[in-house]
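Working notes, beginning with the structure itself.
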Amino acid sequence: MKIVGRVRDEGLRRGLADVASRLGAAVVDTSGLSPDGMLEAVRAGANVVVLELEPDVDLSRVRQEAHAAGAALVVACSPEQECGEAVTAQADEWLILPVSSYELEARLRSAMQRSAGGELPPAASADLLRYQELLFDATTGTATLPTTMEQARELLERSGRLTVLYLHFFRFERLEESFGREKLDAVLKTTADALRDFCAMESTGSGSLIAIPFVFDEDFVILTATDRSTHSEPAAWLVKLSRRLEPFVRERIEREHGEQLAALATLYMGISVPEPNPRVRTERLLYRGIREAAQAARSAEHWELASRVADLKRTIRDGAVFIEYHPIIDTHTEEVYGYEALARGVRQELRSPEVLFEVAEEANLVWELSRLLRRRAVQGIIRDLSPDQRLFLNVDPHDFEDPLFRKPDPSAMGIDDPSRVVFEITERVAITDYPRFKEQLDTFRSLGFRFAVDDAGSGYAGLGSIANLAPDYIKLDISLISEIDTNFLKQNLVETLVNFAEGHGAKVVAEGVERSEEFETVRKLGVHLAQGFYFHRSNRVRRSAA
Amino acid sequence: MAKATILVVDDDPDAVEIAESYLSAQGYEVHTAYGGQEALAKLEEVQPDAVLLDVMMPEMDGWEVSRAIKNHPRFRDVRVIMFTARGDFTDKQEGLRSGADDYIVKPVRLDDLGQTVERNLEVRRRSA
């Protein structure tokens, strides 16, 4: 690719060199030549001509010559008035100095397209593909802020006033850690759809814009045209709005992804109403408004966390938790091998176990909460288990620091036969002091308790660290199981883990089985046990009453 | 049914040629690229059903290319098969993170290549 350049401006010269190196193009500098010398160079062959306006050069002629040679013409103008000349001469593209190299590249590209000039070299069109990815979010189909800016400016100029809402679902981070990125992708898609529907429903005619700060971001920004009356009390207006918006989004998530995930859709909103000011650039005004709203959302979050700590203290004092028991199925006999106990808070705001533990950590009450949950989990089912069924209990590595837990007393926990109780240890929490941790596990082992490594294969640790714990069970992370029937890489990894487990005398449990195809696949791969919503929905097993 | 289209990507021209001639002989429409950038640039034009990707490539490695394909709204359903030199546990985990669907350990055995490609196209046909 060849660019013929005739430029004086130093910034433009540098920009041109930049762009040329990105596109792998050669630049022929004709600024030292006479106007005819430049035309000579154009005739010798070029893809694009970049010309800075000067009195001696006849633009129309350059355009004719350039087009005859199959090249596009880009004209750089210093004051805006000169652009008129470029337009009259029908240049393919014009720009106003100073210009960034990225703008320059975009102008060159569109000029070449317009003049139906040459194709872009592969490196450039690969870049183009990647730039496109930066503009729209692939998972939710939402535009990013920079893409929305132009529309936002228009909306502001049309309606005179914009309200900026910043939406932060602060437990989405936890949701992703627990259920994997595909799950959060899906939840974000649902959320974006729900927000669009909500805005369409609420819209007063002037419309609103939904955007995300960056691609793959989890926060949302809503820019909405509002009249003056709304803003006499923006804070009160926001409270009313969020009382309708949060349940709306949550309900949609519950319908599409279940109650467990909906419980993690806690919305914090911030509002700002940027004051239009002719001295201030509109884009910056909006960006500042967005930052202000984001900060407001964050302080709302801190405020509410404090009130949840109080809720948790009451929860622990009243024992207001209940336990759900999820069946674990023998893939061979399809009978119930055991149950995993999962905690739920009774209070609406503390319903999900992730939230419970998050608040407990904040309030330094993890041990107290864990003790309560273990006691309840055992009491709730131990008498209903048949002799060969097992109870799986989650323990946090921090629980081993709890002096009461470290000296285990099975009868005080209500356990007659420790060999029927399996403690699940997550692979996600880094164990810093391995020898000491193993020593603690051995205390439990000597009493007969069993161990499972939870969330294996989620990428937090390799096989070595799993082997180190010598578990009786290896529970495969949901991210390995979802869609395993069509992903051969996952199949291969699971097969590897099954072989590894059999070599170490352990059983493999597939977590998060949701579809019959997934169940068939893990069964074929030799996975011993399985659990997940597939077994709740079907009538294969009856949920045991707690 | 139209022939399936496959894009073979490797910086080693010999490896590309071997895969290309074998897969063409199997009746697939085969396109080639010698680097990650070139591969991404060709997606629009080629509209492949499957992309065979070498992991070790200069400038843009196979994982990165896989991630770009799987994150793209229009190409995320394209089957991505990685050529890896080791194929050990951590390699596969890396593959999973990049969104790849399958892998083939190098040096490539041709019948292995044929089977792997076919089973992935089968999944794509079923979901289409």
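Data overview
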{"item": "Wholly enclosed strands (runs of 3 or more DSSP E) of region B:48-128 bearing at least 1 residues within 9 Å of another protein chain (Cβ to nearest Cβ)", "result": "B:79-84, B:102-105"}
{"item": "Scope region A:221-251; condition out of contact with any Phe, Trp or Tyr (no Cβ under 8 Å at 6 or more places or on another chain), under 30 Å from A:Glu514 (Cα atoms) and buried (at least 20 other Cβ atoms within 10 Å of the Cβ); matching residues", "result": "A:Arg250"}
{"item": "Those residues of region A:4-41 which are among the basic types (Lys, Arg) and either closer than 15 Å to A:Arg109 by Cα or in a loop (DSSP other than H, G, I, E, B) (or both), in sequence order", "result": "A:Arg8, A:Arg22"}
{"item": "Count of residues meeting criterion [out of contact with any Phe, Trp or Tyr (no Cβ under 7 Å at 6 or more places or on another chain) and either surrounded by 14 or more Cβ atoms within 10 Å (Cβ to Cβ) or of a type in the set (A, V, I, L, M, F, W, C) (or both)] in region A:505-516", "result": "4"}
{"item": "Scope region A:8-19; condition surrounded by fewer than 21 Cβ atoms within 10 Å (Cβ to Cβ) and not basic (Lys, Arg); matching residues", "result": "A:Asp9, A:Glu10, A:Gly11, A:Ala17, A:Asp18"}
{"item": "Residue within region A:233-247 that is within 21 Å of the chain's Cα centre (by Cα) and of a type in the set (A, V, I, L, M, F, W, C) present", "result": "yes"}
{"item": "Any chance A:Cys77 is crowded, with 19+ Cβ neighbours inside 10 Å and either at pLDDT 80 or above or closer than 18 Å to A:Glu103 by Cα (or both)", "result": "yes"}
{"item": "Looking only at region A:354-386, and only at residues there that are of a type outside the set (Gly, Ala, Ser) and without any contact (Cβ under 8 Å) to a residue 24 or more places away in the chain, the one that is surrounded by the most Cβ atoms within 10 Å (Cβ to Cβ)", "result": "A:Glu361"}
{"item": "Criterion violated by A:Ser178 - all others in (1) at pLDDT below 85; (2) under 17 Å from A:Thr139 (Cα atoms) satisfied", "result": "(2)"}
{"item": "Count of region A:462-493 residues which are among the small types (Gly, Ala, Ser) and at the interface with chain B (Cβ under 10 Å from one of its Cβ atoms)", "result": "3"}
{"item": "Matching residues, region A:477-489, being part of a helix (DSSP H, G or I) and within 10 Å of A:Val522 (Cβ to Cβ)", "result": "A:Leu480, A:Ile481"}
{"item": "Subset of region B:32-44 that is at the interface with another protein chain (Cβ under 9 Å from one of its Cβ atoms) and farther than 18 Å from A:Gly24 by Cα - its residue that is farthest from the chain's Cα centre (by Cα)", "result": "B:Glu44"}
{"item": "Candidate set from region A:500-524 (those that are closer than 13 Å to A:Gly457 by Cβ and not in a strand (DSSP E or B)); member that is modelled with the highest pLDDT", "result": "A:Val522"}
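One line per residue, one yes/no per condition, for (1) acidic (Asp, Glu); (2) modelled with pLDDT under 80; (3) over 15 Å from A:Thr30 (Cβ atoms):
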{"site": "A:Val42", "(1), (2), (3)": "no, no, no"}
{"site": "A:Ala46", "(1), (2), (3)": "no, no, no"}
{"site": "A:Glu52", "(1), (2), (3)": "yes, no, no"}
{"site": "A:Ala71", "(1), (2), (3)": "no, no, no"}
{"site": "A:Glu82", "(1), (2), (3)": "yes, yes, yes"}
{"site": "A:Thr88", "(1), (2), (3)": "no, yes, yes"}
{"site": "A:Ala91", "(1), (2), (3)": "no, yes, yes"}
{"site": "A:Pro98", "(1), (2), (3)": "no, yes, yes"}
{"site": "A:Ser101", "(1), (2), (3)": "no, yes, yes"}
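Residues checked against (1) within 30 Å of A:Arg243 (Cβ to Cβ); (2) at pLDDT below 85; (3) more than 11 Å from chain B (Cβ to nearest Cβ):
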| site | (1), (2), (3) |
| --- | --- |
| A:Leu120 | no, yes, no |
| A:Asp127 | no, yes, no |
| A:Thr140 | yes, yes, no |
| A:Gln151 | yes, yes, yes |
| A:Ser159 | yes, yes, yes |
| A:Thr163 | yes, no, yes |
| A:His168 | yes, no, yes |
| A:Lys189 | yes, no, yes |
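The values are calculated or read from the model by the stated rules, or taken from the named source; none is laboratory data. Note that the structure is a prediction, hence the values are computed from the model and not measured. Note that we place each Cβ from the backbone using ideal geometry, even for glycine, and neighbour counts take in every protein chain shown.
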